[in-house]
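J.: A single structure is presented below for examination.
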Amino acid sequence: MTLIALDREAIGYNGGAVLTDVSLAIEEGQTLVFVGESGVGKSTLLSHLYRLVGRHAALIPQDLGLADHLSVFHNVYMGRLDQHGFWTNLRNWIWPAEPYLSDVRGVLKHLELNDKINTLPTDLSGGQRQRVAIGRALYKEASLLIADEPVSALDEKLGREVLELLTSKHRTCLIAMHDIDAATQVADRLIGLKAGKIVFDRPPEDISSHDMTHLYERA
């Protein structure tokens, strides 16, 4: 089933186009990984796609979007704010209760953060902060994930493990990445962006070394 279809669209912000002539069909059950140089428009495209699906998707933005004055528990719990009523959210904001604490601990355990549940994000390393944002997305339990460089601050081993976790927990994934090797391992389709356009959209096994070299070579 096609979840989102773009047909020769211009995409940008403040009235200016960053990407032009964008045609893209996003099929349910696939992992699409967007690759290309920094500044080519990957984040702009993901933001546009997120606006189309809204709260139905779990989001890991590049800036992480953490509330630094709230604990790790509360930052992860925010993934389900829209799934609970006002009084439940207020109760957990003031004094987190079971089973919510157990649910969040379970997510954090997968991310090696179970001992940080009461810590403020400002007291965490960059990689730990990124894992909190990942935890928030996992806790939402959405079928669709939109993630912008979700493991860029993690070491290679943990990054690969977290990518596998993300793709196993979400039926459809839209991910922007710089790590081509990792992208190739998780993607059903690699989508290359260059000079404001999509230059290829194919399975990883159909992408040649020449395609990749062209994608990153300077004009």
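The values are calculated or read from the model by the stated rules, or taken from the named source; none is laboratory data. This one's a predicted model, so the numbers in the text were calculated from it and none came from an experiment. Don't worry about glycine lacking a Cβ; one is built from the backbone with ideal geometry, like all the others, and counts go over all protein chains shown.
J.: Would you please list the contacts, defined by Cβ atoms under 6 Å and residues six or more apart or on different chains, that run from a residue in segment 55-77 that is free of Cβ contacts under 8 Å to residues at least 60 places away in the same chain to a residue that is in a loop (DSSP other than H, G, I, E, B)?
T.: Taking only residues 6 or more apart or on different chains, the pairs are 71/118; 73/96; 73/117.
J.: Here's a follow-up. Residues of segment 144-157 being over 24 Å from residue 213 (Cβ atoms) and exposed (fewer than 15 other Cβ atoms within 10 Å of the Cβ), which ones?
T.: 155, 157
J.: Assuming residue 201 fulfils every condition listed in (1) in contact with a Gly (Cβ under 7 Å, 6 or more places away or on another chain); (2) farther than 30 Å from residue 78 by Cα apart from one, which condition is it?
T.: All conditions are met except number (1).
J.: Ok, one more. Which residues, taken from segment 155-214, are touching a residue at least 40 places away in the same chain (Cβ under 8 Å) and of a type in the set (Asp, Glu)?
T.: 188, 201
J.: Residues of segment 170-185 being closer than 14 Å to residue 29 by Cβ and crowded, with 18+ Cβ neighbours inside 10 Å, which ones? Don't jump to the end; show me each part of the working.
T.: Residues of segment 170-185 closer than 14 Å to residue 29 by Cβ: 170-174.
Those that are closer than 14 Å to residue 29 by Cβ and crowded, with 18+ Cβ neighbours inside 10 Å: 170, 172, 173, 174.
J.: Right, here's the next one. Test residue 201 against the criterion of being out of contact with any helix residue (DSSP H, G or I) (no Cβ under 8 Å at 6 or more places or on another chain), at pLDDT 95 or above and within 24 Å of residue 12 (Cβ to Cβ), and give yes or no.
T.: Working: out of contact with any helix residue (DSSP H, G or I) (no Cβ under 8 Å at 6 or more places or on another chain): yes; at pLDDT 95 or above: yes; within 24 Å of residue 12 (Cβ to Cβ): yes.
Yes; evaluated as a whole, the condition is true for this residue.
For (1) at negative phi; (2) under 14 Å from the mean Cα position of the chain (by Cα), each residue gets a yes or a no:
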residue: 20; (1), (2): yes, no
residue: 34; (1), (2): yes, yes
residue: 39; (1), (2): no, no
residue: 56; (1), (2): yes, yes
residue: 64; (1), (2): no, yes
residue: 72; (1), (2): yes, no
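J.: Looking at segment 101-117, which of the residues that are assigned to a helix (DSSP H, G or I) and acidic (Asp, Glu) is farthest from residue 138 (Cα to Cα)?
T.: So, considering only residues that are assigned to a helix (DSSP H, G or I) and acidic (Asp, Glu), the one farthest from residue 138 (Cα to Cα) is 115.
J.: Return the total of residues in segment 1-57 being of a type in the set (D, E, K, R), over 15 Å from residue 199 (Cβ atoms) and touching a helix residue (DSSP H, G or I) at 6+ places or on another chain (Cβ under 7 Å).
T.: Number of matching residues: 1.
J.: Restricting to segment 62-86, name every residue that is buried (at least 18 other Cβ atoms within 10 Å of the Cβ) and either among the aromatic types (Phe, Trp, Tyr) or closer than 18 Å to residue 163 by Cβ (or both).
T.: Scanning segment 62-86 gives 64, 73, 77.
J.: Kindly list the number of the only condition in (1) without any contact (Cβ under 8 Å) to a residue 12 or more places away in the chain; (2) over 19 Å from residue 121 (Cβ atoms); (3) hydrophobic (A, V, I, L, M, F, W, C) that fails for residue 3.
T.: Status for residue 3: all satisfied but (1).
J.: Looking for something farther than 24 Å from residue 201 by Cα, at pLDDT 95 or above and among the basic types (Lys, Arg) - is there at least one such residue anywhere in segment 122-134? Walk me through how you get there before you give the answer.
T.: Restricting attention to segment 122-134, the residues satisfying the condition of being farther than 24 Å from residue 201 by Cα are 122-134.
Subset that is at pLDDT 95 or above: 122-134.
Now drop any that are not among the basic types (Lys, Arg), which leaves 129, 131.
Yes - at least one qualifying residue is present in segment 122-134.
J.: For segment 66-85, does any single residue satisfy the condition of being closer than 16 Å to residue 148 by Cα, in contact with a helix residue (DSSP H, G or I) (Cβ under 9 Å, 6 or more places away or on another chain), at pLDDT 95 or above and of a type outside the set (Val, Ile, Thr)? Give the derivation first.
T.: At the first step, the residues of segment 66-85 found to be closer than 16 Å to residue 148 by Cα are 66.
Narrowing further to those that are in contact with a helix residue (DSSP H, G or I) (Cβ under 9 Å, 6 or more places away or on another chain): 66.
Then drop every residue that is not at pLDDT 95 or above, which leaves 66.
Next, from what is left, pick out any that are of a type outside the set (Val, Ile, Thr): 66.
Checking segment 66-85: at least one residue is closer than 16 Å to residue 148 by Cα, in contact with a helix residue (DSSP H, G or I) (Cβ under 9 Å, 6 or more places away or on another chain), at pLDDT 95 or above and of a type outside the set (Val, Ile, Thr).
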